[in-house]
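To start, the structure under review is shown below, and the notes come after it.
Read-outs: derived from the displayed coordinates by stated rules, not from any lab. Owing to the predicted nature of the structure, the values given are computational and were not obtained by experimental measurement. Every residue, glycine among them, receives a Cβ derived from its backbone with ideal geometry; neighbour counts consider all protein chains shown.
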Amino acid sequence: MTIPAVSKSDEGLYKCNNSEGESPESWMTVTDLSLPASMSVSPDRSQFFEYESVSLSCEDQGNSAGWRVVRNAERGTLSECNTDWGKQQGSSCIVSLKPSDSGVYWCESGSGEHSNAVNITVPDGAVILESPALPVTEGDSVTLRCRYQGTPSDLTADFYKDGSLIRTETTGEMTIPSVSESDEGLYKCSNSKGESPESWMTVTVPTSIPSPAVPVLSMSLPRLLCSLLVGSPYLLVTIILLVKGCRSRAQGDRVEEE
């Protein structure tokens, strides 16, 4: 399946199936650099236990007026905060989560403009992966935690990326000291209590301003000397006097020797 011109509405979870079976789901992120607003998530993670709370806020260049938090939950219904879910507190929407709240959340203006979208998962199981819901910047340090709903929560955990085991940590958490584009992908974890759902981690590369080119001197030695001599008559006189002085000294030395 080819999407000729991808748009923000194409962002979401994808999977496929054929006569041999069904694939896992993967999250596809569509980046729009001209988004008029952004959604912030506190705490910044994409998986939560049931009854935990998350705060979702709309930020429009420091002004959140006119924006509302909406979602498309797993049941496929589009609705906004303060209807049958969430509680509006100032410019934020506070959601006390349950499994049916799993879905895609974003900010929307009265004129239909959209912010970035975040995917929030509330699994039925007892294990979650704490990973950033918002994109991380290349070079940042990122810590992924495999949490068990009961205690203790620091059980030995296996961490997977795109379905492959990448590391086993006895502390239950894995740190990537400096993330790069190659770290972008679908992560999950497992411990003795079970396995977490998968979550997509997005890595953005900051745009750099190219430094001005340093001019390279390209000139032959004779031309360089001519330029210096023509441009600096005082330098020319000095060189002549030095040459004469050296010659006079050399002649004086020879006379003394004789």
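Within region 45-144, the chymotrypsin sites (Phe, Trp or Tyr not before Pro) that combine a DSSP coil assignment with at most 16 other C-beta atoms in a 10 angstrom radius are 49, 51.
Using a Cα-Cα cut-off of under 19 Å, which lysines could be cross-linked to residue 15, ignoring same-chain neighbours fewer than 8 residues away? List returned: 161, 188. Sequence-distant contacts, meaning Cα pairs under 8 Å at least 6 residues apart, place the relative contact order of region 87-145 at 25 percent.
Between residue 13 and residue 53, the modelled labels are 2.6 nm apart [label points 7 Å from Cα along Cα→Cβ]. Taken along the Cα-to-beta-carbon direction at a fixed 7 Å, the label points for residue 156 and residue 126 span 1.9 nm.
At full extension, residue 183 and residue 170 could sit 2.5 nm farther apart than now, given 0.36 nm per residue minus the alpha carbon distance.
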